[in-house]
Structure formats: C-alpha cells, structure tokens
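Read through the structure below, which is laid out as structure tokens, and then see the notes.
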Amino acid sequence: MIRAGLCSVTFRALTPEALVDLAAETGVEAIEWGGDRHVPPGDVAVAQQVRALCEAKGILPSSYGSYVRAGTEGCLEDFAAVLVSARALGAGNIRVWAGDRIRAEAGVAGFEACAKDLAEMARRAAEHGITISVEYHRNTLTEEAEDARDLLRTADHANLFSYWQPVPGRGRARWLEELALLQPWLGDLHVFYWIMTESGQQRRPLAEGLDHWRALFDAWRPAPTWPHPRCGYLEFVQDDDAARFLDDMRDLRRLCHPVAA
C-alpha cells in the first residue's frame, strides 16, 4: 500500500481548514503538517484542531514536518515542543533535519554531535510510538546518500529513518543509487519534479517526470523495520498554483495506485 500524501508547506498561505478541504477534494490520503506555519511547535490546541479537521475528512495526519536541526545549539529543547505537537496531532512520524551544513564543513565534531542528537530524538519519540525521519536535503549532512548512510549508522538507533527526494540535475541513475544506499533506513518519499536550467532550478509539472518517478516507485523498498504504510508526499507545485496541484495530485495518485488508475 502506498498513500498519496501532501506536504502542507506546498500551500503555506492556506489555512488548515482550506488545506484539508482541498486535500479531501483531490484524493489526498495523508498530510505531513509543517511546523513553520500550520502547526506551530508546542501549540497543543492548534495541533488538536488540525487533527480533528483531518479526522472529519478521513485524512491521516501522518507526519509532523519540523524544522529542528540535530547538531545545532538548543535542538533538543526545540524537539521537546515538536514532540508535544506531534503527539497532539496524532502523527506517527516526525521529520527532522541533519544539521545546517554539509559534512566537509561540519567536520568530525559536528557530524558526531548531529548523530548523537538524532539518536536521542529517536529514543524520546520511540517512547510514544513515533518514528523519526531525517530530511534528505542539500546543505545538510544528508546532501549525499553516502554521508546520510554514515550518519544513520553512527546514530545507530532502530527508530531512526530517512526520507528521500530527488536532487534536481543528478539524473535517474544516481537517484536509483541513492535509494539503494538508503534502503536499510528508508521510509517515505517527498515527490516533485524540478529541472536544472542555466538560471537555476525550475519547478515543472509532475507529469513531465512520470517516467522517472515510475522507476523510482518500482525501486522503492522501505526499511524492514519501517512500521507505517509507505507514503509519497507531493511537495510544492509549479507557481504555487492550485490548478497545477490538481494535475500533480492526479498523477501522484496514479503512481501510488496504478491498478486503480
């Protein structure tokens, strides 16, 4: 089973009510709620309200998308508020970030500090039946799959997993290599299609990248201990346009449910 999901940061300007309504109309099955806008860390009342909105529409508030950065000063204190909100939201997973620089810039001490914090976050979350997933992202210790693998091995906690998303421009062969390298820790995917141009990265309709994404979904094997149904979260759309979102979500649903489509 693969759920067609949505990252709430795709529409930061929408209220939670409007976002849930849009999600329900377009077949979204799960939402990763962002802590920067829709569900602020530590605000239990808001988290409970959002949970009720999701339950009323039959949508799972599956993940809490935090902006806590392991390995940075005060991150464990910040994580305490995140964990409170995730529990109130009913999320089964929390997204965290691996530092604020690449491995070469962080050095050995920075790398080890990040791994230690990730392990502690995973330990605390496990007490409440919530998994921890590290964002796979540029300008962090998970910019490269090899570094992400080493970080996860160093943290060495059974409740710690990794997201994956495509770095624009690397190409399908490298994307497939990354999925394979991360497979022992792999959880959910963030789904979008961006290309590199002379002026930088450019968002494109998901339809243009469907051949790539079909191959990636075929290769996607979650970690043996990943306890949740897989979820592909649509993250960002071209021009932040709701009309383009309708097309992208339709294509994501085709990826998640090819037989039904």
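A few notes on this one:
- Unique residue being within 25 Å of residue 28 (Cα to Cα) and in contact with a Ser or Thr (Cβ under 6 Å, 6 or more places away or on another chain) when the list is 236, 192: 236
- Test: residue in the stretch 220-232 that is under 19 Å from residue 168 (Cα atoms) and assigned to a loop (DSSP other than H, G, I, E, B): yes
- Residues located in the stretch 56-75, provided they are more than 15 Å from residue 5 (Cα to Cα), out of contact with any helix residue (DSSP H, G or I) (no Cβ under 6 Å at 6 or more places or on another chain) and either polar (S, T, N, Q) or part of a helix (DSSP H, G or I) (or both): 56, 72
- Of the listed requirements (1) of a type in the set (S, T, N, Q); (2) touching a Ser or Thr at 6+ places or on another chain (Cβ under 8 Å); (3) surrounded by fewer than 24 Cβ atoms within 10 Å (Cβ to Cβ), residue 63 misses just one: (3).
- Within the span defined as the stretch 182-195, every residue fails to be in contact (Cβ under 8 Å) with a residue 60 or more places away in the chain and either in a helix (DSSP H, G or I) or over 23 Å from residue 93 (Cα atoms) (or both).
- Residue in the stretch 69-76 that is without any contact (Cβ under 8 Å) to a residue 12 or more places away in the chain and more than 16 Å from the chain's Cα centre (by Cα) present: yes
- For first residues located in the stretch 107-124 and closer than 16 Å to residue 159 by Cα, partners that are in a helix (DSSP H, G or I) and not hydrophobic (A, V, I, L, M, F, W, C) and lie 6+ apart or on another chain with Cβ distances below 6 Å form the pairs 115/154.
- Residue in the stretch 129-140 that is part of a loop (DSSP other than H, G, I, E, B) and in contact with a Leu (Cβ under 9 Å, 6 or more places away or on another chain) present: yes
- Qualifying residue in the stretch 145-154 (condition: more than 23 Å from residue 72 (Cα to Cα) and without any contact (Cβ under 8 Å) to a residue 12 or more places away in the chain): no
- Filtered residues of the stretch 17-31 (kept if surrounded by 21 or more Cβ atoms within 10 Å (Cβ to Cβ) and either assigned to a helix (DSSP H, G or I) or of a type in the set (Gly, Ala, Ser) (or both)): 19, 20, 23, 30
- Filter result for residue 160 (under 25 Å from residue 30 (Cα atoms) and in contact with a Ser or Thr (Cβ under 9 Å, 6 or more places away or on another chain)): yes
- Candidates 178, 146 - the one that is in contact with a strand residue (DSSP E or B) (Cβ under 8 Å, 6 or more places away or on another chain), assigned to a helix (DSSP H, G or I) and among the acidic types (Asp, Glu): 178
- All positions within the stretch 82-101 that are part of a loop (DSSP other than H, G, I, E, B) and either surrounded by fewer than 17 Cβ atoms within 10 Å (Cβ to Cβ) or of a type in the set (D, E, K, R) (or both): 100, 101
- Residue 74 under 28 Å from residue 59 (Cα atoms) and surrounded by fewer than 17 Cβ atoms within 10 Å (Cβ to Cβ): no
- Close Cβ contacts (under 9 Å, 6 or more residues apart or on different chains) running from residues in the stretch 240-261 that are within 17 Å of residue 214 (Cβ to Cβ) and among the β-branched types (Val, Ile, Thr) to residues that are exposed (fewer than 13 other Cβ atoms within 10 Å of the Cβ) and at pLDDT 90 or above are absent.
- The lone criterion from (1) in a loop (DSSP other than H, G, I, E, B); (2) crowded, with 16+ Cβ neighbours inside 10 Å left unmet by residue 110 is number (1).
- Number of the exception - residue 178 against (1) modelled with pLDDT of 95 or more; (2) surrounded by 14 or more Cβ atoms within 10 Å (Cβ to Cβ); (3) within 24 Å of residue 10 (Cα to Cα); (4) of a type in the set (D, E, K, R): (3)
The values are calculated or read from the model by the stated rules, or taken from the named source; none is laboratory data. None of the values given here were measured: they were computed from a predicted structure. Positions of Cβ are backbone-derived with ideal geometry, glycine not excepted, and every protein chain shown enters the neighbour counts.
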